[in-house]
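**Q** Could you have a look at this structure, given as structure tokens, before my questions?
The values are calculated or read from the model by the stated rules, or taken from the named source; none is laboratory data. All figures in this text were calculated on a predicted structure; none of them were measured in a lab. Note that each Cβ is placed from the backbone with ideal geometry, even for glycine, and that neighbours are counted across all protein chains shown.
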Amino acid sequence: MNTKKITKAGMLLAIGTVLHYIVPPLFLGVKPDFLLATMFIGLMIVDDIKSAISIALAAGILSALTTGFPGGEIPNIIDKLVSGLFVFYLYHGLLKELSKSTSSFLIGLLGTVISGGVFLASALVIVGIPFTFMAGMIGIVMPTAIANSIMLIFLAKVSKIAEQQLAN
């Protein structure tokens, strides 16, 4: 574990948690999941699986603490661990060589779809949801995935600029 990288990831999760908690829905009740997006950036920063699991678990716990979904605590932890591992391996295995904008967009889109799907499936089994799985995927997860993928491009650029400024 690289202390500098894990500290950056922790700071990103803190920022994501605050934004996740205070930002109201932006369009038709949909809001970007800032905590998920900052977790994805943190996973793109670290190089080892132990750090990736630590980041995903921390994000899951923070998300569980701030969830507005009744009974969503355990599904939040499960979805962050699964999507965290997916994103870590996707980025470091396939997307690292692409441009930062392209990889950020794909990570935001695919990672959010995986996260949302796992959350809905686990919530369906653990606590029940008042709508079908497919309705949740189409009505909640897909719009959030689009919002997250666009936001992740912006956050990745801001993160890179901040990193360059701190290096000077």
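**Q** Leu120: over 14 Å from the mean Cα position of the chain (by Cα) and buried (at least 21 other Cβ atoms within 10 Å of the Cβ), yes or no? Even if it seems obvious, please write down each step before you answer.
**A** Numbers: over 14 Å from the mean Cα position of the chain (by Cα): yes; buried (at least 21 other Cβ atoms within 10 Å of the Cβ): yes.
The answer is yes for Leu120.
**Q** Would region 126-135 turn up any residue that is modelled with pLDDT under 90 and of a type in the set (A, V, I, L, M)?
**A** So far as region 126-135 goes, yes, one or more of its residues are modelled with pLDDT under 90 and of a type in the set (A, V, I, L, M).
**Q** Continuing with the same structure: If we scan region 29-48, do we find a residue that is over 16 Å from Met151 (Cβ atoms), polar (S, T, N, Q) and either in a helix (DSSP H, G or I) or touching a helix residue (DSSP H, G or I) at 6+ places or on another chain (Cβ under 6 Å) (or both)?
**A** So far as region 29-48 goes, no, none of its residues is over 16 Å from Met151 (Cβ atoms), polar (S, T, N, Q) and either in a helix (DSSP H, G or I) or touching a helix residue (DSSP H, G or I) at 6+ places or on another chain (Cβ under 6 Å) (or both).
**Q** Next question. In region 141-157, which residues are in contact (Cβ under 8 Å) with a residue 24 or more places away in the chain and either surrounded by fewer than 15 Cβ atoms within 10 Å (Cβ to Cβ) or aliphatic (A, V, I, L, M) (or both)? Before you say what the answer is, go through the steps one by one.
**A** Here is the first cut: in region 141-157, the ones in contact (Cβ under 8 Å) with a residue 24 or more places away in the chain are 141-153, 155-157.
Scanning region 141-157 gives Val141, Met142, Ala145, Ile146, Ala147, Ile150, Met151, Leu152, Ile153, Leu155, Ala156, Lys157.
**Q** For Gly71, only one of the following conditions fails: (1) of a type outside the set (A, V, I, L, M, F, W, C); (2) part of a helix (DSSP H, G or I); (3) in contact with a helix residue (DSSP H, G or I) (Cβ under 8 Å, 6 or more places away or on another chain). What is its number?
**A** All conditions pass for Gly71, except number (2).
**Q** A further question follows. Restricting attention to region 97-140, which residues are in a helix (DSSP H, G or I), free of Cβ contacts under 8 Å to residues at least 40 places away in the same chain and within 22 Å of Met44 (Cα to Cα)?
**A** Correct list: Thr102, Leu110, Val113, Ile114, Gly116, Gly117.
**Q** Just one of Phe133, Phe105, Phe86 is more than 23 Å from Ala14 (Cα to Cα) and of a type in the set (Phe, Trp, Tyr); which is it?
**A** Working: Phe105 fails: more than 23 Å from Ala14 (Cα to Cα); Phe86 fails: more than 23 Å from Ala14 (Cα to Cα).
Testing whether each residue is more than 23 Å from Ala14 (Cα to Cα) and of a type in the set (Phe, Trp, Tyr) leaves just Phe133.
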